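Working notes for the structure below.
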Amino acid sequence: MAKRNYDNWSKEELVREVKKLEKNLRKNYGLVWEDKLEDVATLCKEKLPILEEDAKKEIKTDSNGPVNILIEGDNYHALSVLNYTHKGIIDVIYIDPPYNTGNKDFKYNDDYIDQEDAYRHSKWLSFMSKRLRLAKSLLHSDGVIFISIGEDEVMQLKLLCNDIFGERNYITNFIWEKTQHFGRQKVNFYSNADYILCYAKQLNNSGLKELLVESIKEEHEDAPLYNASNPVNTLTIPAKKVIFNIPDGTYTQTTDNKYKLEQKVIIKNRKNKNDLVLRFKSRWSQRKVEEELQKGTTFWVKSENFAIRAIYGSGKTSNESPKQILFTNVNNEFYAKSRFNQKVGVNEEASKELFNMIGEQNIFEYPKPRTLVEYLVSLLFDRYKNYHKKNITILDFFAGTGTTGHAVLNLNKVDGGKRVFILCTNNEENICTDICYPRMQKAIKGYKTPKNEKIGGLGGNLKYFKATFVDAKPTDRNKKRLVDKSTEMLCLKEDCFDPIKKDQHFRIFKNNQNKYLGMIYDDDGIEPFKKEAK
């Protein structure tokens, strides 16, 4: 690192530098990097960041459904505002940030960063650190964040997340097989996998150790019927009530003298074709056998010794955790699929879906498949109520083409959930106005593919906001604009958008859940508001 010349620094600049050096010296282990100033972060300190609705872009197809949000603008700006409107209430964050490959896929202060930039990793870490710290405060106490990343920054990101979220809140690092082709060619190998880091807000909170569940399955307890201290009984088990783990055929005797077949038994397709009559020291009587059969109990014989066991019909549920490696090739018996039996897809499938919706090829390099996001979001589990969460809020502040929004809409259609998404993306190369928003519109209302195939709409509602600023100078004009824009942000915070009463001095809004929001702007509005609110 080049030696610094402090001769012309002001007192304030020197104090800041000393504090930064002290902070770095206190770090015994972890990442230390040259923090780089970012224009948007500086601007958010000098001015008041707000969101401004573009009412012309509102989409509404379900008067009883939740309202989803699309924000056009820098995500640092959007996260700053969301820390006022949605602090501590986001259940899931999924992001797909720039991978910082050095191939100009990452911009910092409006400049692309290439491999020759000496501060390439420092700039990326500064960029991510600011946003992840804002994102953490948005998460609910049992919230989870998923971060897609490539090999260039996965190790740095892991250390950064350990610092921000705490190493104790690390859940796993999923490995997703992203293509069925060779993948991206490196010097000595082909890269066909990406990573998805997963952290909880507070993993060690009471009852929060089982955040992710792939599926719920029935497990049936079984127990032996033999008991040496019991008298010998002859039990008759009806046809097709015993499962055998021995070859099909006709059996007249057992391989264990503790069990005696009283008549031959014919086994076909692993079931007894006729009654199984077995004599042994049983803890059950024939009457008990018949009672258990009424409850749905079946029986199990694992070997030719005919040591019979009861499989209780009532059973119990068991939660199956997701696998760390998400295979996507259907020829692999371990390929990943959701509990809706939907296979986790690959980049090529995502590109095809985008083409069918937007009608343009190669819109976005290496887009994430909708099914991948669906799989991750559907893992969220409430262990107290023993069910997968369906009424949750999902945030994606690197929304790009809108994959996360599409995934949430489709999940709601599949299982009747009331999930809500918040998408944030900039508008570089018109990705928000020409790709993300049209995709949401088509996903909600339906569309025709380039081959004229009609795809039905998933339904839903959307409001479109733009990130902007109000000057912090305390002029009357600025104060009035701030009040007007604060109204929109309060509506966003309280999820109440439908105006009931609009007055110079007060306003009243409501939503489809019969929730009301009242705002009084000055003293003259107090009495008329009270009358209207009665």
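The values are calculated or read from the model by the stated rules, or taken from the named source; none is laboratory data. These numbers come from a predicted model, not from an experiment. All Cβ positions, even for glycine, are placed from backbone atoms using ideal geometry, and neighbour counts span all protein chains on display.
Of the residues contained in the range 462-476, one or more are found to be small (G, A, S), within 24 Å of I90 (Cβ to Cβ) and surrounded by 14 or more Cβ atoms within 10 Å (Cβ to Cβ). Looking across the range 241-279, not a single residue is among the acidic types (D, E) and within 12 Å of W300 (Cα to Cα). The range 260-333 holds strands (runs of 3 or more DSSP E) entirely within its bounds, and those carrying 2 or more residues that are outside the structural domain of K241 (by TED's automatic domain parsing) and in contact (Cβ under 8 Å) with a residue 12 or more places away in the chain map to 316-320.
If you check V420, V377, V346, which single one turns out to be touching a residue at least 60 places away in the same chain (Cβ under 8 Å), under 16 Å from E214 (Cα atoms) and either crowded, with 20+ Cβ neighbours inside 10 Å or of a type in the set (A, V, I, L, M, F, W, C) (or both)?
V377
Restricted to strands (runs of 3 or more DSSP E) entirely inside the range 471-533, no element has at least 3 residues that are in contact with a strand residue (DSSP E or B) (Cβ under 7 Å, 6 or more places away or on another chain) and closer than 21 Å to A78 by Cβ. Every listed requirement among (1) in a loop (DSSP other than H, G, I, E, B); (2) modelled with pLDDT under 75 is met by K23 save one, (1). Checking each residue in the range 191-218 for being at pLDDT below 85, surrounded by 10 or more Cβ atoms within 10 Å (Cβ to Cβ), of a type outside the set (K, R) and assigned to a strand (DSSP E or B) picks out S191, L212, S215, I216. Among the candidates N461, N478, N514, the residue that is at pLDDT below 85 and closer than 20 Å to N391 by Cα is uniquely N514. Among the numbered conditions (1) crowded, with 16+ Cβ neighbours inside 10 Å; (2) more than 29 Å from I90 (Cα to Cα); (3) not aromatic (F, W, Y), the only one that L492 does not meet is (2). Just one of (1) part of a loop (DSSP other than H, G, I, E, B); (2) under 30 Å from Q263 (Cβ atoms); (3) in contact (Cβ under 8 Å) with a residue 24 or more places away in the chain fails for Y384. It is (2).
Which of the residues that make up the range 221-259 are closer than 17 Å to D275 by Cβ, touching a residue at least 40 places away in the same chain (Cβ under 8 Å), part of a strand (DSSP E or B) and among the hydroxyl-bearing types (S, T, Y)? Residues satisfying the conditions are T234, T236, Y251.
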